[in-house]
Each structure stands twice: as structure tokens, then as C-alpha cells.
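Beneath this line is the structure, given in C-alpha cells, with notes to follow.
The values are calculated or read from the model by the stated rules, or taken from the named source; none is laboratory data. Note that this is a predicted model, so its numbers are computed, not measured. Note: ideal-geometry Cβ built from the backbone for every residue, glycine included; neighbour counts use all protein chains shown.
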Amino acid sequence: MENLKEKTAKGLLWGGVSNGIQQLLNLAFGIFLARLLTQADYGMVGLLTVFSSLASALQEGGFISALNRKKEVRHDDYNAVFWFNACCSVAIYALLFMAAPLIADFYNEPELTPLARYLFLGFVISSLNIVPRAMMFRNLMVKEMNVITLIALTISGIVGVTLAANGFAYWGIATQTIAFVSMITLLSYAYTRWHPSLRVSLQPIRSMIGFSSKLVVTNVFTIINQNLFANLIGKFYSVNEVGNFSQANKWNQMGHTFVNSMLSGVAQPVFAKVDEDRERQLRVFRKLLRFTAFVSFPAMLGLSLVSREVIVIAITEKWIDSAHILGVLCIWGAFVPINNLFANLLITRGHSSIYMWCTIVLCIMLMGAVIAAYPFGFEGMLRTFVGINIAWLLVWWWFVHREIGLSFVNMLRDIAPYLLLAAALCMGCHFLLKDINNIYLSLTLKVVIVGVLYVVILWVAGSVILKESIAYLLGKKKEEA
């Protein structure tokens, strides 16, 4: 049996490599689609994202985390979750099907009615995938999960681009989403070889519902937080502005998802394995916190630095209005993986209620503050949204501090060196190269200068995380050779 450190390192490695490939695929297909489609096309689908995401959160029911926490899981537990989720998803889809005209009326976009009824089919399909995902998540099958995602991304991307090229507009984006969840579901069953049985007992649901129901509420408000800004833009501004924001947020999400996905596959299972040893859990948490900061800050602040070059080169100047939005969003995106790491620790410790109330309060604050900032225009709303999300890290820290004793000073020691170094390099590079007009030269110089200096300075400073990461990668190379 591999020890916990080896499993964690392997999970992070597979998560990093696979998610790097995934983001490259997302990038490639995203470039094709953005060149073929308009802001209005993206805006149409963007207006519905919150509804399909909320439906997915409701049908998932928090059972993946609930199953992960159980000391022993039997077929009856998995079977009960499968049938419960399947029934819930069908009921929710029926409600959304009838509510589609109301959604279209709210945004004054009649074409949303058929699009909504089609797009919402995706969460019904994904509900059938809850049990296989829970099995792979519980058993740290990071490699298998990432292989499945890569295949699904490739097939769905080809479908989306083909339809967009043939004039299907936003229907191509919707079909791409449905193709993605369909492939994920089919391949998950192929890997786990699990299948439901008709002999159903919902008794296991009762033992998990207390914990999972809090996660459902939390996930609902998390999704509202993530989609709040786009939907307020849709109400106060036009569908084109929604499209620009959706495009910028897509690039922002590709960035922080790269870091977050590496950790999401290992954080909860690893924390669960050391749950009975508080001091060891604190050491494990701080190690993962340093690694997260080490990767997240240069990646996301670097993306903010080159936002204009990336947008213009990749998807042409017709999307230039989204470049500034991306630059601001990436500053928040740098903190997203860190916030999620804190939240994962609280969930593993069984405090889903804390996670729930923190997310609810954040959602209410964001909604009130962003609406209050409306008189200051789009820019004021955007900066308010980003600022509150970043500041909320202090709330997450406070509860983790109470739970495992992480002091504020130690938290700063773990993240501040990487934050300050990445910020200083990006700002210095911005002022140094601001007069370069050639965007290709500007992009190349910014990436090379910031990347090389970041690694060199950390190496000279004796960064343990950097040296351990390099040693692990080189060790793996030698083994494979």
C-alpha cells in the first residue's frame, strides 16, 4: 500500500498533468467557438447557466461528500443514492420545463424557452452519474476521472464546433454541454462497472440526509454567487454584455480550475484519512495550502497580466471588451483555490453547517453590495464583486483556525511569499513592457520574464515546495525511464 504522501503527490501530479491537457482542449475548442459565434450567442446560454447549475446541485444532493465520509459503504448505500437522485432530477426537470416561459419573460428573450428546455436535459443525464463519481472520488481514482474528462471534452468539443460552423449558433454550445455530460456518464459506468439494482431501500438516505442537505443548500448559494454577476448584467444591461462577461469568466475559470481540480481530487479524501489526528491534519493542510499558493498566484495573476494579449490573439479584437473584465476577474480567481481548500477542510471535519452559512451570508452580501454599486456603473459592480470575494478568505480562515488551530500568522507565512512575489513580478513586468505594441512579442516577454524570475527567486530563497515538486517530477521521470 502506498503511503498517504505518495498517494497525495500522485493525485496532484495526475491532476496537474490531466487538467493542463483539459485546459488546452478547452482553450482550443473555445477559440474556435468564440471566432464562430457572437457575444449574443454566449449571452443566451450564459443567462441559463445558473438555472441548470442550481438544478444539478439539487439533484446531486451532497451525496458524493456524504458517501466519502462513511467508514464503510455498501451496494445498498450506492443504490439508494442512485434512485433517489434519479427521481429528484426528473421532478426538477418537469418544474423547469414548465418554468421556461417565465425565465424567457424575465429576460425578455422569447427564444430562451426552447433553449432552456433542451439545455436542462443535461442535468438529468448527469444525475445518473452521481454514484460512479462518488466511487471514484472515495477511492482516489484521480487518473481514471481525468482520462474520462479528457475523452468527454474532446468528443463534446468536436460536436460543439461542428454545429457552430454549420450555423446552429447557441444551439451548438448547448449541445456541446449535453454531449459532455453524456460521455462522462457513460465512461464512468464503464470504469467502475457498477450498476443499480431494482431492489431499492431508501433507508441509507436517512443516515446521510442531515449532512448532505446542508451541502445542497451550500451548493445552491455557491452557484448563485458564481452566476450572480452575469444574471444581474442580463437584467440591468444587454445580452451582449452578458456575453462579454461570460467569455471573460470562462477564461478565468479555465485558469483557477486548473489549480482547483488538482486539489479537489485529493483534498477531502486526504483530510478524511488524517481526521483523527488534529496535529497531523494541520501539517497536511498547511502543506497543501503552500502548494496551492505556489501554483495559483503566479498562474492567475500572470493571466491577468496578459489578458489583453490572450483575448486578441486567441479570439480576435471583437472580444476586446472582455479583456479588461478578465484582468479583474483573475485577481479573484487567484484566491478561489485557496478558499476551496479551506472549505474542503471544514466539510471533512463534518461542519457542513458552517460551510453552508458562510456561503449563504456571502451570497446575500454580494447581492446587496453589487446592486448598491449599480449607480457606479459596470466597473463599480465588477470591482465590488471581486473585492468581497477576496476578503471572504478571512472568514474561512477564522473557522479553520477554530477547528485545527491554524494561526493567522502561519496562514500569512504559507501564502504571502507567493502572493507578494507573483504580484511584484507581474506589476513590474506590466510597467516595463507597457510600450511594446506587438502583442505577440509582449505576450512572450511577459510569460518568460515572470515565469523564469519566479522560479529562480524561489530556488535561491530555498523554497521547499518548489524543490520537492521538482524532485518528485524528476523522480517519476527516472522511474519511467
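What tally of residues in the stretch 111-146 results from selecting those that are over 23 Å from residue 73 (Cβ atoms) and part of a helix (DSSP H, G or I)?
Final tally of qualifying residues: 13.
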Looking at (1) hydrophobic (A, V, I, L, M, F, W, C); (2) modelled with pLDDT of 90 or more; (3) over 25 Å from residue 355 (Cβ atoms); (4) surrounded by 12 or more Cβ atoms within 10 Å (Cβ to Cβ), which is the only condition residue 390 fails? (3)
Only listed residue being within 20 Å of residue 194 (Cβ to Cβ), in a helix (DSSP H, G or I) and either modelled with pLDDT of 80 or more or out of contact with any Gly (no Cβ under 9 Å at 6 or more places or on another chain) (or both), chosen from 97, 106, 51, 82: 82
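Would you check which residues across the stretch 180-202 are within 21 Å of residue 76 (Cα to Cα), among the aliphatic types (A, V, I, L, M) and assigned to a helix (DSSP H, G or I) and list them?
Hit for the stretch 180-202 is 190, nothing else.
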Suppose the filter is assigned by TED's automatic domain parsing to the domain that holds residue 281, modelled with pLDDT of 85 or more and closer than 28 Å to residue 285 by Cα; does residue 339 pass it? yes
Given the conditions (1) without any contact (Cβ under 8 Å) to a residue 60 or more places away in the chain; (2) assigned to a helix (DSSP H, G or I); (3) among the polar types (S, T, N, Q), report the number of the one that residue 437 does not fulfil. (2)
State whether the residues of the stretch 307-319 include one that is under 20 Å from residue 429 (Cα atoms), among the β-branched types (Val, Ile, Thr) and surrounded by 24 or more Cβ atoms within 10 Å (Cβ to Cβ). yes
Does any residue of the stretch 382-393 turn out to be in a helix (DSSP H, G or I) and among the basic types (Lys, Arg)? yes
All conditions in (1) closer than 17 Å to residue 344 by Cα; (2) touching a residue at least 12 places away in the same chain (Cβ under 8 Å); (3) not polar (S, T, N, Q) are true of residue 394 except (2)
